[in-house]
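Throughout, read-outs are computed from the coordinates displayed, never taken from laboratory work. These numbers come from a predicted model, not from an experiment. Every residue, glycine among them, receives a Cβ derived from its backbone with ideal geometry; neighbour counts consider all protein chains shown.
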Amino acid sequence: MYLFLLILIYIAFISLGLPDSLLGSGWPVMHTEIGVPVSYMGIVSMIISGGTIISSLLSDRLTRKLGTRIVTVSSVFLTVIALLGFSFSDRFWMLIAFAVPYGLGAGAIDAALNNYVALHYKAKHMSWLHCFWGVGTIVSPFIMRYALANRTWHSGYRIVGLMQLGIALLLLITLPVWKVNQSVVQDNAKSVGLIDALRIKGVPFLLIGFFAYCATEATTMQWASTYFVEVKGIATDRAAGFAALFYIGITAGRFISGIITDKLGDRKMILLGTSILILGILILCLPVKSYTVAFVAFLVMGVGCAPVYPCIIHSTPYNFGAANSGAIIGIQMASAYVGSTFIPPLFGLLGNAVSFSIMPVYLLIFVILMITMVEATFRVTRKNH
């Protein structure tokens with residue numbers, strides 16, 4: 001039963017990743033057909049992330065009241081509604097409307113499952129579970145590429161929406177399995193308000209660091225396809241597939257991270273990943289017109305990103321205590337989605353005003369902020385132990 005539950009959690013993480021890369025890979029065509037500027041993707045992503053911020057802040061209370069299993073299943077069904085809604089949208093306001101359940105579903109399941117895994121599983125499982133999130137992010141751009149080449153972007157959303165529906169139904173019919181450890185999660189959770197959390201030493205550094213990391217990852221995810229189209233001159237349908245290189249790097253990197261994380265520890269893995277990420281950004285800066293260099297850069301950047309997110313999450317119960325982890329991870333997710341909400345749209349505005357070629361410099365600023373704040377978190381909490 002315990003093993004079966006772990007398998008279900010892995011599947012749930014795939015459902016987390018499936019929608020994440022669709023908007024970025026399909027937007028070069030979507031914005032043209034709907035008749036809005038390319039920068040308007042930032043508005044859609046802002047609405048989605050706004051929903052995730054709200055549900056992340058509420059996730060601790062919801063999980064204690066309803067349990068991880070109900071929060072997980074309900075959240076996946078919300079994303080199904082959103083994806084199928086996108087597949088029938090032919091006006092910009094419709095995308096805005098369906099972005100709301102999209103965000104609400106993503107935020108709640110993200111915070112609830114990450115806290116559950118951080119409490120009950122080793123660091124390697126956190127990396128491998130996020131590897132399965134990467135599987136979802138890899139699959140969906142190729143589905144969108146197929147849809148753009150043979151049908152329309154609506155078909156891409158419809159296919160992924162039906163896949164998500166299958167996962168939701170599987171989780172629904174296996175609800176009794178989630179009773180394993182459910183009481184432990186509810187009993188251990190403790191509601192910590194935003195102000196109280198900010199008073200805990202190290203938490204402000206953690207929130208800023210996680211904000212900066214997710215700003216980096218979200219900007220790369222959402223604007224990779226546009227970067228290939230606008231800067232490298234690649235056709236839109238091919239660009240959607242090429243953008244998957246970033247997700248491939250993340251997924252492969254997290255599989256490898258799972259093997260070595262227990263030996264190196266969360267802090268060293270974050271430093272290693274950040275070094276590789278900076279290397280990828282520097283490769284992207286090379287003054288070479290060939291888009292092959294950009295392919296390699298996005299792949300290396302994905303590998304660098306791989307251990308950072310899961311290791312920051314997994315270290316939270318150790319740094320701040322298991323009793324506080326549920327609430328802090330929820331607030332942590334909210335700070336992450338603030339980065340996802342405001343930083344990619346800002347890049348879109350700057351890209352339109354200046355050039356999308358500024359992406360490497362833009363990303364580097366947030367990577368430096370991220371590692372500075374995360375290192376400060378470890379230093380402060382180490383003194384507290």
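Things to note:
- Cβ-based exposure ranking for M30, M94, M269, in which fewest neighbours within 10 Å come first: M94, M269, M30
- Prolate/oblate/rounded call for segment 230-281, Cα gyration tensor, a/c under 1.5 rounded: oblate
- Computed across the chain, the Kirkwood hydrodynamic radius from all distinct Cα-Cα pairs reaches 20.5 Å.
- Each residue, I259 and V361, gets one label point 7 Å from its Cα in the Cβ direction; the gap between the two is 3.9 nm.
- Simple Cβ-charge dipole of segment 209-348, Lys/Arg +1 and Asp/Glu -1, about Cα centre, in debye nearest 20: 220
- Label-to-label distance, F4 versus L169, with points set 7 angstrom from Cα along the beta-carbon direction: 1.9 nm.
- Converting phi to 3J(HN,Hα) with the Karplus coefficients 6.51, -1.76 and 1.60 and the offset θ = phi - 60°, segment 316-331 yields 4, x, 5, 6, 10, x, 5, 5, 9, 4, x, 5, 5, 5, x, 5 Hz in sequence order, with x at every glycine or proline.
- If only the Cβ of Lys and Arg carry +1 and only the Cβ of Asp and Glu carry -1, the dipole of the chain around its Cα centre is close to 700 debye.
- Inter-probe distance in nm under a simple model that places probes 7 Å from Cα toward Cβ, at V293 and Y146: 3.5
- Listed residue (L245, I14, F228) projecting farthest to the positive dipole end of the chain, Cβ model: I14
- Relative packing of 228-235, 287-294, 320-327, which averages over residues the other C-beta atoms within 10 Å, highest first: 320-327, 228-235, 287-294
- Footprinting exposure proxy for I371, I70, I313 (fewest neighbouring C-beta atoms within 10 Å first): I70, I371, I313
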